[in-house]
Amino acid sequence: MNKIINQTQFLNYDIIEFDCVDSTMNVVKNFSANTIVVAQSQSNGKGKSDRVWSSENNGNLYFSVLLNASDDKLNYSQLSFLSGLAMREAIASFDIKNSILLKWPNDILINEKKCCGILLEFDLLSKKLVIGIGVNIKTYPINTMFNATALSNESIDVERYNLLKEFLNNFNRLFDEWKKYGFSVIREKWLKNCYKLNQKIKVNEVEGIFKDLDKDGTLILETKDKILYVKSGDIFI
Ligand code: BTN
């Protein structure tokens, strides 16, 4: 429990791997910015909207990145899209045949089943951001609200650390673009592999057509009688 089993550096990050933690979201906050905490398992893996993220020691990837978020001119919540894009590209680089799509705001689907979830937490006091990512590499939970899958189940064969490194390469490249050109570049790339764009969806229990993302990543939903701007939530169907 809470034993460090590996410590390495990659790019500008210190990567610390534990055997088991409650949640990498909590443990990473004990370190300095640009630390990544990876765990083989989590006893209290956190998902969005207080859901549980199933985190057994089964070869899946669970990690959190701690970043400085102290520039008041930047909208750090946009990094949830950037992270999804970076992980999608990482998974796609090990794949040759599957449909890999981004489900608003930051899930990744392979063949319409969820294989990756992303959770962002801000600490307003310290001005730090934690990006937590879980990827089902080997196994996936059943009876979830949205059907799940694992990379191995879709014939994608990748080792956890190789996926993490590919993600970090992509993340840093996209982060530089985001700082240089703003969110518009990320938004455009994100929309190219978007699940159900211009199709019927149900988001926060409301049905409508997913028309677009606005310039900040808000989902634009055309319902029977009005246009809704959805800032947070989850798509089902
Ligand atoms: C979601 O609900 O889709 C987000 C899931 C995020 C899970 C990851 S696993 C690593 C990090 N630690 C956690 O406790 N949660 C995130």
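The values are calculated or read from the model by the stated rules, or taken from the named source; none is laboratory data. Quick caveat, the model's predicted, so the values are computed rather than measured. All Cβ positions, even for glycine, are placed from backbone atoms using ideal geometry, and neighbour counts span all protein chains on display. Areas reflect the complete protein model, heavy atoms only, side chains present, ligands, DNA and RNA absent. Shrake-Rupley method; radii C 1.70, N 1.55, O 1.52, S 1.80 Å.
One table, with the values for the structure above:
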{"read-out": "Conditions (1) charged (D, E, K, R); (2) free of Cβ contacts under 8 Å to residues at least 12 places away in the same chain; (3) touching a strand residue (DSSP E or B) at 6+ places or on another chain (Cβ under 6 Å): number failed by ASP19", "value": "(2)"}
{"read-out": "Strands (runs of 3 or more DSSP E) lying entirely in the stretch 125-236 (those with 3 or more residues that are open to solvent by 40 Å² or more (accessible area, probe 1.4 Å))", "value": "206-213, 227-230"}
{"read-out": "Matching residues in the stretch 44-73 - criterion: being more than 8 Å from the ligand (Cβ to nearest atom) and not hydrophobic (A, V, I, L, M, F, W, C)", "value": "ASP50, SER54, GLU56, ASN57, ASN58, GLY59, ASN60, ASN68, SER70, ASP71, ASP72, LYS73"}
{"read-out": "Qualifying residue in the stretch 106-124 (condition: under 17 Å from the mean Cα position of the chain (by Cα), closer than 17 Å to MET25 by Cβ and aromatic (Phe, Trp, Tyr))", "value": "yes"}
{"read-out": "Top-ranked residue of the stretch 75-98 - restricted to ones that are of a type in the set (Ser, Thr, Tyr) and open to solvent by less than 50 Å² (accessible area, probe 1.4 Å), ranked as farthest from the ligand (Cβ to nearest atom)", "value": "TYR76"}
